[in-house]
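Working notes for the structure below.
The values are calculated or read from the model by the stated rules, or taken from the named source; none is laboratory data. This is a predicted model, so every value here is computed, not measured. When we count neighbours, we look across all protein chains shown, and the Cβ atoms used for this are built from the backbone with ideal geometry, even at glycine.
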Amino acid sequence: MKANSSIFITCQKYDRNKELKQMALYFAYGSNMNQKDLNEYCMKYHRPLIDLASKSPKVCILRDFRLDFNYYSQSGGGGAANIEHALGEHVEGVLFDISDIDKRTIDKKEDAPHCYREMLVSVKLRDGTKVENVITYTVCENKKRGFTPPTREYKQIIIDGARAFGLSEEWINKLQKIPSKN
């Protein structure tokens with residue numbers, strides 16, 4: 001019997017470009033606006049770096065929410081940023097176009113779905129354009145507590161990120177007035 005000299009083996013080739021094309025819109029309002037802080041997290045936990053400037057950043061406003069610090073971060077040693085529904089108020093932040101790989105890193109950084117959970121929101125860009133189906137994160141109900149002051153270092157990480165992306169001076173002044181510990 002003659003051996004078959006034509007054996008074909010098919011393998012599914014990993015296509016990183018295909019994975020990178022699966023994009024999502026993400027609204028950052030806290031420490032994830034800060035490139036240095038995000039880089040430190042990625043290096044510490046061996047995650048791919050996320051270059052925020054390359055993610056089509058756009059300053060935007062989340063209406064009918066307020067910034068709160070009602071979650072205690074064990075790793076940070078103080079309150080961590082959160083958003084809560086609040087009619088008539090708003091939260092400034094940055095809209096990013098992130099890949100699936102980036103999203104998995106942010107999920108891990110936010111300890112989703114254990115401490116923070118994903119939610120879909122609509123944001124308004126500076127030019128008035130409304131953008132819908134935007135992912136952001138909010139603290140899980142069972143993790144919330146009363147106001148918990150952030151550390152000065154953590155508050156400064158948020159302020160530095162807000163400045164880097166050009167959030168309003170009014171918003172930055174509001175951030176500076178948040179009581180902090182130490």
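Of all residue pairs spaced 6 or more apart or on separate chains, those with beta-carbon atoms under 7 Å, a first member in the range 134-156 that is more than 16 Å from C115 (Cα to Cα) and a second member that is in a loop (DSSP other than H, G, I, E, B) and modelled with pLDDT of 95 or more are P149/P179; P149/S180; P150/I178; P150/S180; T151/S180; R152/S180; K155/I178; K155/S180. Report yes if Y26 is hydroxyl-bearing (S, T, Y) and in a helix (DSSP H, G or I), otherwise no. Against the criterion (hydroxyl-bearing (S, T, Y) and in a helix (DSSP H, G or I)), Y26 does not qualify. How many residues are over 22 Å from the mean Cα position of the chain (by Cα) and surrounded by 13 or more Cβ atoms within 10 Å (Cβ to Cβ) if we restrict to the range 167-182? So the answer is 1. If only residues of the range 139-160 that are of a type in the set (K, R) and within 21 Å of Y41 (Cα to Cα) are counted, the one that is surrounded by the fewest Cβ atoms within 10 Å (Cβ to Cβ) is R152. Note on the range 37-64: residues that are in contact (Cβ under 8 Å) with a residue 60 or more places away in the chain and basic (K, R) amount to 3.
Against the numbered list (1) in contact with a strand residue (DSSP E or B) (Cβ under 6 Å, 6 or more places away or on another chain); (2) under 19 Å from R126 (Cα atoms), A53 comes up short only at (1).
Yes or no: the range 73-86 includes at least one residue that is within 22 Å of Q22 (Cα to Cα) and touching a residue at least 40 places away in the same chain (Cβ under 8 Å). Among the residues of the range 73-86, not one is within 22 Å of Q22 (Cα to Cα) and touching a residue at least 40 places away in the same chain (Cβ under 8 Å), which makes the answer no. The strands (runs of 3 or more DSSP E) falling completely within the range 74-182 that include 3 or more residues that are at pLDDT 95 or above and acidic (D, E) map to 78-99.
Checked against (1) loosely packed, with under 14 Cβ neighbours inside 10 Å; (2) touching a Phe, Trp or Tyr at 6+ places or on another chain (Cβ under 9 Å); (3) farther than 22 Å from L38 by Cα, L125 passes all but a single condition, namely (2).
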